[in-house]
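What follows is a short report on a single structure.
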Amino acid sequence: MRWLITGSGGQLGQCLVAAVEARAGEEVAGAFDHSELDIARPGALSRLLDSGRAERPDVLVNAGAFTAVDRCESESEHAWRVNAEAPGWLAEDCRAANLDCIHVSTDYVFGGTGTSPYAETAPVEPRTAYGRTKAAGEERVFAALPGAIVVRTSWVFGPGKNFVGAILGQAHRRAQGLETAPLRVVNDQRGSPTYAADLAEGILDLAGLAFGPSPADAGEGAGDHARNAGEKGQMRGIFHLANAGTTTWFDFARAILDLTGHAGLGLEPLGTADLDLPAPRPAWSVLGCDRAADCGVVLRSWREALAAYLGSPEGLALQEAPV
Ligand SMILES: NC(=O)c1ccc[n+]([C@@H]2O[C@H](COP(=O)([O-])OP(=O)(O)OC[C@H]3O[C@@H](n4cnc5c(N)ncnc54)[C@H](OP(=O)(O)O)[C@@H]3O)[C@@H](O)[C@H]2O)c1
């Protein structure tokens, strides 16, 4: 398949480009970061395709979003345009150009007060501007293109600024004596940290099942073709994808420090309320990933994923010079 990736400069966008490039049979038809393609303009994708700046793709993945959760509260118009309207415009352009479409969304569409993993069918109940705009984005994607896929994920870390780098930065400051106050980390939010590289692989796997050639296309009988078409139809809609297992930010920070030679650095637990942030944070962000698991797409545990990230060239560079 030939992939067009929007928001390609972000954590997930970078990993999607790398994953497509590394897979036999997959090709990047175009990858555009914010400066190269502003998705928050109606018709942006159609104009891009007409301009010939991208080769003809088969599938679009939108990894672009306004992800600054607190800024979404005060910059709500901008957040609405990027997170709610832009996905709808992209899906409309996909329909016009006959492209398949995958859009990425978030655990913040839920209320965050659950006690068991949120199923794909659980009612959305966003409590933040970010969550409301992302929930509206999902709706607009399906309104324009009912055969689209929306992948919701949580607590993403990967290339760029992220929690892992922030904790390592704090550890370095303390190791260098630049900071003496104890490192305090929130201990009353639970979720599943998700490595952007694993998420990208999972998205490619789902897309292969939903949009790729079926055994029927490769010469099976007509009955098989109809059955496969039906099965592919079931592969549309909402999927949750996150690394397996759950933790709190506090225990995630502990794991980061333990894996990077900072096991001796003490941590103090903090309550979310102590932070007094503009946007309320969900206490419960755990996504049930059953639909993806039922088709054999399961991401490894967050601990394995964290170790892989820290051992990657990028993770090693981050340990040298945290960002
Ligand atoms: N990060 C998380 O913890 C998390 C959790 C759950 C779900 N998600 C979802 O996962 C997806 C990927 O997130 P991520 O972690 O990769 O976020 P990210 O690192 O913040 O990347 C988002 C990218 O979108 C770009 N962007 C913003 N406005 C744009 C516009 N108008 N046109 C084109 N590109 C634009 C940003 O560019 P600039 O920075 O230059 O503006 C950035 O490169 C998003 O849909 C997000 O909502 C993320």
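Before moving on, here are some points about what is shown:
- Of all residues in the range 10-29 being at negative phi and free of Cβ contacts under 8 Å to residues at least 60 places away in the same chain, the one that is nearest to the ligand (Cβ to nearest atom): Gly13
- Residue match in the range 142-155 (condition: under 15 Å from the mean Cα position of the chain (by Cα), more than 9 Å from the ligand (Cβ to nearest atom) and not in a helix (DSSP H, G or I)): yes
- Residue in the range 30-68 that is nearest to Trp80 (Cα to Cα), counting only those that are away from the ligand (no atom under 14 Å from the Cβ) and in contact (Cβ under 8 Å) with a residue 60 or more places away in the chain: Val59
- Residue match in the range 184-197 (condition: modelled with pLDDT of 95 or more, away from the ligand (no atom under 16 Å from the Cβ), more than 29 Å from Ala40 (Cβ to Cβ) and part of a loop (DSSP other than H, G, I, E, B)): yes
- Looking across Cys94, Cys72, one residue alone is farther than 21 Å from Leu206 by Cα and either charged (D, E, K, R) or in a helix (DSSP H, G or I) (or both). It is Cys72.
- Applying the criterion of at least 2 residues that are over 24 Å from the mean Cα position of the chain (by Cα) and at pLDDT below 95 to the helices (runs of 4 or more DSSP H) found wholly in the range 198-278 leaves 222-234, 272-275.
The values are calculated or read from the model by the stated rules, or taken from the named source; none is laboratory data. Quantities reported herein were computed from a predicted structural model and do not represent experimental measurements. As a convention, Cβ positions derive from the backbone with ideal geometry for all residues, glycine included, and neighbour counts pool all protein chains shown.
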